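Participant: After the structure tokens below, expect a handful of questions from me.
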Amino acid sequence: MALVAGLLAAAPLAAQPASPGALHGADLLAALRGGRYVIYFRHADTDHRQLDVRGQPPEDCSKQRNLTDRGREHARAIGQAIQALAIPIGPVLASPLCRTVETAMLAFGRAERSPGAREPGSAPAGSRERFTELRRLLSTVPPTGANTVIVGHAYPYYSLVGGQYLDEGEAAVVRPDRAGFQEVVRLGLAQWRAL
């Protein structure tokens, strides 16, 4: 939790729309190899016949929607693609739910549970103050030479940037700075492999 607290310290709150100068191909790969980006993943494929039971401890996987076998394979393949690309990964944060922690563990071999990746806070729906902790995580510049990974859910990220929901297993590469953060590009497994 110390790492999460450090990442949250004094981070700005503004999300910025994607710029016309978004990175692609070799430029994107070079930027990611240089570090200092946040890669926000929606968890891999899940069984939508399962439902989350509210009020249960996040460690109780029996009362949650969980990864399918395909989702587990997808998470492993994402991690293998990123490793093969020699993209340096620093902190790996995950929402406390089982599907996000499992996605992070299968892809990156580690996960620090971060309630900030999921919790809306006490502000009412539609309020700018919702998902403040996630906004801070996305706005926090990673350590030099590394990228921070956050594995979370579709709705919290959508609430901050709008547009279209991330698909299961899809990532948004975010450029953080002291003024907020800016989405650079979205990548699914096929795009990671194509880099």
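The values are calculated or read from the model by the stated rules, or taken from the named source; none is laboratory data. What you see is a predicted model, and the numbers here were worked out from it, not measured in a lab. FYI the Cβ positions are ideal-geometry reconstructions off the backbone, even for glycines, and counts take in every protein chain you see.
Participant: What residue, of 140, 148, 144, is out of contact with any strand residue (DSSP E or B) (no Cβ under 9 Å at 6 or more places or on another chain) and either of a type in the set (Ser, Thr, Tyr) or without any contact (Cβ under 8 Å) to a residue 60 or more places away in the chain (or both)?
Facilitator: None of the other options fit; the residue is 144.
Participant: While we're here: Can you work out which of the residues in region 161-182 that are of a type outside the set (Ser, Thr, Tyr) and touching a helix residue (DSSP H, G or I) at 6+ places or on another chain (Cβ under 6 Å) is modelled with the lowest pLDDT?
Facilitator: Among those that are of a type outside the set (Ser, Thr, Tyr) and touching a helix residue (DSSP H, G or I) at 6+ places or on another chain (Cβ under 6 Å), it is 180.
Participant: Something else about it: Exactly one condition in (1) surrounded by fewer than 18 Cβ atoms within 10 Å (Cβ to Cβ); (2) on the phi < 0 side of the Ramachandran plot; (3) part of a loop (DSSP other than H, G, I, E, B) is false for residue 86; which is it?
Facilitator: So the condition that residue 86 fails would be (2).
Participant: I've got another one for you. Has region 90-99 got any residue that is among the charged types (D, E, K, R), touching a residue at least 40 places away in the same chain (Cβ under 8 Å) and either surrounded by 17 or more Cβ atoms within 10 Å (Cβ to Cβ) or not in a loop (DSSP other than H, G, I, E, B) (or both)?
Facilitator: yes
Participant: Still on this structure, please answer the following. Residues to consider are 26, 31; find the one that is more than 12 Å from residue 104 (Cα to Cα), part of a helix (DSSP H, G or I) and modelled with pLDDT under 95.
Facilitator: The conditions single out 26.
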